[in-house]
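The values are calculated or read from the model by the stated rules, or taken from the named source; none is laboratory data. What you are looking at is a predicted structure, and each value in this text was computed from that prediction instead of being measured. In this analysis, Cβ positions are derived from the backbone assuming ideal geometry, glycine residues included, and neighbour counts consider all displayed protein chains. Remember, those area values only see protein heavy atoms, side chains included, never the ligands or the DNA or RNA. Shrake-Rupley method; radii C 1.70, N 1.55, O 1.52, S 1.80 Å.
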Amino acid sequence: AQSVTQPDARVTVSEGASLQLRCKYSYSGTPYLFWYVQYPRQGLQLLLKYYSGDPVVQGVNGFEAEFIKSNSSFHLRKASVHWSDSAMYFCAVSAGSNNRIFFGDGTQLVVKP
Amino acid sequence: NSKVIQTPRYLVKGQGQKAKMRCIPEKGHPVVFWYQQNKNNEFKFLINFQNQEVLQQIDMTEKRFSAECPSNSPCSLEIQSSEAGDSALYLCASSAGQNERLFFGHGTKLSVL
């Protein structure tokens, strides 16, 4: 069965530092992979999506993610974080029939000024 | 920006009461999802629809929830008899098709007293 693991419940970084949020998925085929961000009291917003092609995908606000099939990973990165990046980040995988999309448990990002 | 509209934003019910929430998906999106997000930010898939038909739902939804997505009317999710454990943020999302990105509403925060 498909699943998504985000091993870090909370990540704290200083403003201006680089960032990596980890995501590993479980699926036997080639999945559709997503990263979403959730700000307080709001719904989720898409940061980026991958299905095929260049394994490094660019998203909004300077975020990017790299699909590494051999590692079943889709880590999110940003070169220099801003305090406004503080939010919950969710990795998701879509695969198989019935349009089912699986979410990880999320990583709380705290950016210190 | 997402145009998925969820109402109400907040819902307070007593145990045993019915709790009903609504969702208007993005125009033209045939696929609608309902998720339950608990206080630990964990997502639980509840049900999804494609063109008014149920694609998949979990056992809890089948037994205790009533959901529909009629044409030309808002989708709805109703808990028949609310329990304290149902207190959560209920997120509605729509998409253009299988494996496409989700557009989320702001959610309905249900509190069962």
Selected from A:13, A:60, A:81 as most flexible by GNM, with chain A as the system and alpha-carbon contacts under 10 Å: A:60
Carbon + sulfur, % of accessible area of chain B - ligands and nucleic acids excluded, 1.4 Å: 44
J(HN,Hα) series, the stretch A:29-38, from Karplus relation 6.51 cos²θ - 1.76 cosθ + 1.60, nearest Hz, glycine and proline x: x, 9, x, 8, 10, 9, 10, 10, 10, 10
A:70, A:86, A:52, reordered so the largest accessible area comes first (probe 1.4 Å): A:70, A:52, A:86
GNM flexibility winner over chain B from B:54, B:31, B:12 (Cα, springs under 10 Å): B:12
Largest to smallest accessible area among B:59, B:86 [probe 1.4 Å]: B:59, B:86
For B:92-105, mean number of other protein chain Cβ atoms within 10 Å: 5
Solvent-accessible area per residue, Å², over the stretch B:5-112 with all protein chains present [probe radius 1.4 Å]: 48
Within the stretch A:3-112: Cβ-based charge dipole about Cα centre, in debye rounded to nearest 20 (Lys, Arg +1; Asp, Glu -1): 180
Distance histogram in 10 Å bins (all Cα pairs of the protein assembly as shown, percent per bin): 8, 33, 35, 19, 5, 0
Derived scalar couplings ³J(HN,Hα) [the stretch B:61-68; Karplus, 6.51 cos²θ - 1.76 cosθ + 1.60; whole Hz; x for Gly, Pro]: 5, 5, 8, 10, 10, 10, 9, 8
Partner chain coverage, peptide A:30-42 - average Cβ within 10 angstrom: 2
Residues of the stretch A:3-112: accessible area per residue with a 1.4 Å probe, Å²: 44
222 nm mean residue ellipticity, helices alone, for the protein assembly as shown (DSSP H n ≥ 4; -39,500 (n - 2.57); rounded to 500): -500 deg cm²/dmol
Area of residue A:82 that stays accessible when all protein chains are in place (1.4 Å probe, Å², to 10): 80
Most mobile of B:43, B:65, B:103 in a GNM of chain B (Cα contacts under 10 Å): B:43
Share of pairwise Cα separations in the stretch A:3-112, more than 25 Å, in percent: 15
Cross-link table A:49/A:112; A:69/B:109; A:112/B:18; A:112/B:13; A:49/B:63, entries beyond 32 Å C-alpha to C-alpha: A:69/B:109; A:112/B:18; A:112/B:13; A:49/B:63
Interface burial for A against B (accessible surface, 1.4 Å probe, total of both chains, Å², rounded to 100): 2000
Mean Cα-pair separation over length for the stretch B:5-112, i.e. relative contact order, pairs under 8 Å, 6 or more apart, %: 38
Percent carbon-and-sulfur accessible area, the stretch A:3-112, ignoring ligands, DNA and RNA, probe 1.4 Å: 46
Equivalent ellipsoid, chain B (semi-axes from 5 times Cα gyration tensor eigenvalues, Å): 22, 14, 13
